[in-house]
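Student: Before I ask anything, let me first share the structure, which is written out below as structure tokens.
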Amino acid sequence: MSSDVTVTAEELARRTIRRSDFVSCNQAFIDCRTPGSDKKQNYSMIGRGVTQSSSQVVNLREPHGFQIGAAAMPNGVTNNLHLHFTAEVFLCFRGEYLLRWGADGQEGELVIREGDIVSIPTWIFRGFTNIGPDDGWLFTALGMDDTGGIIWGPTVLDEASGHGLHLTTDNQLIDTVAGDTLPDGVELIEPIPADEIVRLRTFTAEQMAKRLATQDNIRWSSTALLDAHVPGGGAELGLVIGFGMSEDLDQEPRIYNPHGHNIAWLRAEPEQGVSLHRHDESQVLMVKDGEWEITVNRGADALTVTVGPWDMVSIPRGAYRSIHNVGSETGLLLVVNSGDGRVRLDWDDEVVKAAADAGDAIDHNGYLAPYTLVPRRIGS
């Protein structure tokens with residue numbers, strides 16, 4: 001475990017991104033003038049993501065090992081076919097979307113609704129349309145600090161050129177209607193050749209359905225963490241991608257394959273949450289429902305921020321933190337951690353003692369076990 005990191009008040013404020021801080025860009029991608037796709041609003045909260053606009057506002061550029069953005073779309077608006085080199089995970093916070101995939105978008109379809117999460121495999125074309133009754137909102141979690149950008153479907157590039165939009169090989173959007181000119185020596189991206197398209201991966205509807213995590217098909221655990229029976233603890237953990245922070249020996253995630261990050265839902269009743277701990281991965285906490293209090297540091301250095309729906313807080317590696325539902329109803333919060341392996345928690349000594357009093361301990365493999373059966377470590 002790395003040394004203890006103390007977060008300053010200024011740093012906590014910089015890492016707290018409220019819903020009111022989100023800044024949209026309606027010219028982030030080459031299809032921004034294509035009829036039916038021209039009303040998309042794109043956001044970059046953690047990292048630039050795959051935006052192709054130099055004017056895209058990024059709330060927090062700090063490298064995390066993953067990136068978080070969003071797409072907001074009115075009913076009927078479509079995000080056109082493209083493929084990613086790193087993980088793309090859709091986090092539906094509002095609305096209803098029809099996803100389609102394959103070189104022509106005809107390989108399969110899947111509907112996602114509020115509270116659903118779906119991971120789209122790399123190296124396949126994908127697109128989506130808002131089929132809900134109102135404006136929808138999809139957060140996206142992208143793998144790695146460098147995503148490599150995206151590849152657009154050939155017809156997307158062709159149609160965009162008719163609207164004066166072109167894309168350079170270094171992923172810069174050139175808008176000739178707005179007065180941009182192509183710099184000397186800069187090449188434009190050519191459509192992906194047909195013989196390369198036929199070599200791309202394929203996925204059936206049944207295979208894609210296994211990559212959909214709903215509130216009902218994930219495995220929730222009320223004993224996923226050491227403080228399960230400690231006052232102020234007791235939150236439930238629902239694993240979506242990877243094993244993440246779970247200390248429940250029997251808990252398994254909905255999606256296993258490496259993404260460069262892991263994702264889980266945290267659900268807590270009023271006055272419940274996760275007690276003081278730290279770990280060595282970058283972490284972002286995203287509120288879906290309720291009011292939450294996030295505290296960083298220990299003792300006299302403790303700092304607290306209260307966040308509500310769609311707010312997010314980035315916690316640096318090695319910093320102590322606690323998470324509590326301070327609202328009057330059940331709260332739901334998304335936890336995103338960097339890395340493909342398990343996230344090993346280092347609990348504050350007072351939490352360890354309180355858990356022992358409640359009969360719980362962490363065994364030598366990092367899992368919750370009966371305190372009376374776990375051999376004491378030397379010096380403990």
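Student: Could you please find all residues in region 33-47 being crowded, with 20+ Cβ neighbours inside 10 Å and either touching a helix residue (DSSP H, G or I) at 6+ places or on another chain (Cβ under 8 Å) or under 27 Å from Pro316 (Cα atoms) (or both)?
Tutor: Asn42, Tyr43, Ser44, Met45, Ile46, Gly47
Student: Which of the residues belonging to region 356-380 are modelled with pLDDT under 95 and among the hydrophobic types (A, V, I, L, M, F, W, C)?
Tutor: Ile378
Student: Go over the candidates Gln52, Gln27 one by one and state the one that is assigned by the TED database to the domain that holds Ile192, open to solvent by 60 Å² or more (accessible area, probe 1.4 Å) and in contact (Cβ under 8 Å) with a residue 60 or more places away in the chain.
Tutor: Gln27
Student: For the list (1) open to solvent by less than 10 Å² (accessible area, probe 1.4 Å); (2) in the same structural domain as Thr129 (by the TED database); (3) under 19 Å from the mean Cα position of the chain (by Cα); (4) under 28 Å from Ile192 (Cα atoms), I need the number of the one condition that Phe93 fails.
Tutor: (4)
Student: Give me the residue from region 242-269 that is farther than 25 Å from Thr295 by Cα and of a type in the set (A, V, I, L, M) and, out of that set, nearest to the chain's Cα centre (by Cα).
Tutor: Taking the candidates together, the pick is Ile255.
Student: Might you let me know whether region 26-40 holds any residue that is out of contact with any Cys (no Cβ under 7 Å at 6 or more places or on another chain) and part of a strand (DSSP E or B)?
Tutor: no
Student: Restricting region 310-351 to residues that are β-branched (Val, Ile, Thr) and buried (at least 21 other Cβ atoms within 10 Å of the Cβ), which is nearest to Glu291 (Cα to Cα)?
Tutor: Ile323
Student: Could you give me the residue pairs with C-beta distances under 8 Å whose first residue belongs to region 256-281 and is assigned by the TED database to the domain that holds Gly234, whose second residue is among the polar types (S, T, N, Q) and at pLDDT below 95 wherever it lies, and which are 6+ apart or on separate chains?
Tutor: These pairs meet every condition: Asp280/Ser2.
Student: Looking only at region 249-267, filter to residues that are buried (at least 23 other Cβ atoms within 10 Å of the Cβ) and not polar (S, T, N, Q); which one of those is farthest from Ile68 (Cα to Cα)?
Tutor: Within region 249-267, the match that is farthest from Ile68 (Cα to Cα) is Leu266.
Student: Within region 296-305, how many residues are assigned to a strand (DSSP E or B) and of a type in the set (S, T, N, Q)?
Tutor: 1
Student: Quick check: is even one residue across region 359-370 open to solvent by less than 60 Å² (accessible area, probe 1.4 Å), touching a His at 6+ places or on another chain (Cβ under 8 Å) and of a type in the set (Phe, Trp, Tyr)?
Tutor: Within region 359-370 (the criterion being open to solvent by less than 60 Å² (accessible area, probe 1.4 Å), touching a His at 6+ places or on another chain (Cβ under 8 Å) and of a type in the set (Phe, Trp, Tyr)), the answer is no, since none of the residues qualifies.
Student: Can you tell me which residue among Thr16, Thr6 is farther than 29 Å from Gly105 by Cβ, open to solvent by 30 Å² or more (accessible area, probe 1.4 Å) and modelled with pLDDT of 95 or more?
Tutor: Just one listed residue meets the conditions, Thr6.
Student: Which of the residues that make up region 268-309 are closer than 19 Å to Val343 by Cα and open to solvent by 20 Å² or more (accessible area, probe 1.4 Å)?
Tutor: Leu276, Arg278, Asp280, Glu281
The values are calculated or read from the model by the stated rules, or taken from the named source; none is laboratory data. Computed from a prediction, not measured in an experiment: that's the story for all the values here. Quick reminder, even Gly has a Cβ in these numbers, built from the backbone with ideal geometry, and neighbours come from all protein chains shown. Keep in mind that these areas ignore ligands, DNA and RNA; they rest on the heavy atoms of the full protein, side chains included. Shrake-Rupley method; radii C 1.70, N 1.55, O 1.52, S 1.80 Å.
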